[in-house]
Amino acid sequence: RRHRAARPPSVAMFWPSSSSAQKGTFRPKKNFNTSKGAALKQHIDATLGSGNLREAVLLPPGEDLNEWLAVNTVDFYNAISMLYGTLAEYCIEANCPTMCAGAKYEYRWADGVKIKKPIQCSAPTYVELLFVWVENQVDDERLFPQSSDTFPDDFLVAVRKIFTRLFRVYAHIYHSHFSQIVSLGAEAHLNTLFKHFVFFTSAFSLVKREELAPLGELVDGILGVARPAQQAGGV
């Protein structure tokens, strides 16, 4: 059976500019059509609609953890890919020659298959490669089984890698494109999406603490974590 269903973002969504749409930077959303996925989708929509993001991320009673992770993996991918698409005219090679999150953090791309040795690339190239990679992971019948209930032993490892890499897109947006996000009137939307992302990844230990460092202060603020005095301050 097909077990995952993606939802449209439940928070207010801003629409892409016509120029971004014409450039083909908006990717079609991933969808999964199963009775189980549909039920989980309804639960996500209902809890998000309540405005309680901490509650929204919790595993529903009696549900399978892998199913829940699978549905949400697609949800969060859809959300960040749509958000990033609104920045297409700003995040270009001339403006973002490297995939970075401030001056201290740079990300290099490798997928372990076509590109085994990490390569330096522009932010738009990195994000494009990342999004294609995520889609390939989700479409992999072995990794995200669509006709059975059996998830592979390495499923959680794969999900953690997906979320870790999706975080890098948020880190780049906050460090390099926040002013554009504000000009688009999308600041509240970005903050809500990221807050939801942080609650979910924290609840299921999907992203290591060191990977969150580029936005460490923001993450701690969302989670209500007190920062040691020597770590206080911006990244």
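The values are calculated or read from the model by the stated rules, or taken from the named source; none is laboratory data. These numbers come from a predicted model, not from an experiment. Here the Cβ is made from the backbone with ideal geometry for all residues, glycine too, and neighbour counts use every protein chain on show. The accessibility values were calculated without ligands, DNA or RNA, using every heavy atom of the protein model including side chains. Shrake-Rupley method; radii C 1.70, N 1.55, O 1.52, S 1.80 Å.
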> Given (1) surrounded by fewer than 18 Cβ atoms within 10 Å (Cβ to Cβ); (2) modelled with pLDDT of 95 or more, where does Phe155 come up short, assuming only one miss?
Replying inline: (1)
> From His175, His189, which residue is over 18 Å from Thr73 (Cβ atoms), open to solvent by 10 Å² or more (accessible area, probe 1.4 Å) and modelled with pLDDT of 95 or more?
Replying inline: His175
> Listed residues Thr98, Thr86; which is within 25 Å of Ser183 (Cβ to Cβ) and open to solvent by 20 Å² or more (accessible area, probe 1.4 Å)?
Replying inline: Thr98
>> Which pairs turn up if I take residues in segment 150-164 that are on the phi < 0 side of the Ramachandran plot and look for partners that are assigned to a helix (DSSP H, G or I) and of a type in the set (Asp, Glu) with beta carbon separation below 6 Å, at least 6 apart in sequence or on another chain?
In response: Thr164/Glu211
> Would you pick out the residues in segment 44-80 that are surrounded by fewer than 18 Cβ atoms within 10 Å (Cβ to Cβ), at pLDDT below 90 and part of a helix (DSSP H, G or I)?
Replying inline: Asp45, Ala46, Gly49, Arg54, Glu55
> So is Phe199 open to solvent by less than 10 Å² (accessible area, probe 1.4 Å) and in a helix (DSSP H, G or I) or not?
Replying inline: no
>> Looking at segment 57-87 only, could you name the residues that are in contact with a Gly (Cβ under 9 Å, 6 or more places away or on another chain) and of a type in the set (Gly, Ala, Ser)?
In response: Ala70
> In segment 139-154, is there at least one residue being outside any loop (DSSP other than H, G, I, E, B) and not acidic (Asp, Glu)?
Replying inline: no
> Residues in segment 116-151 that are more than 17 Å from Phe163 (Cβ to Cβ) and open to solvent by less than 40 Å² (accessible area, probe 1.4 Å): how many?
Replying inline: 6
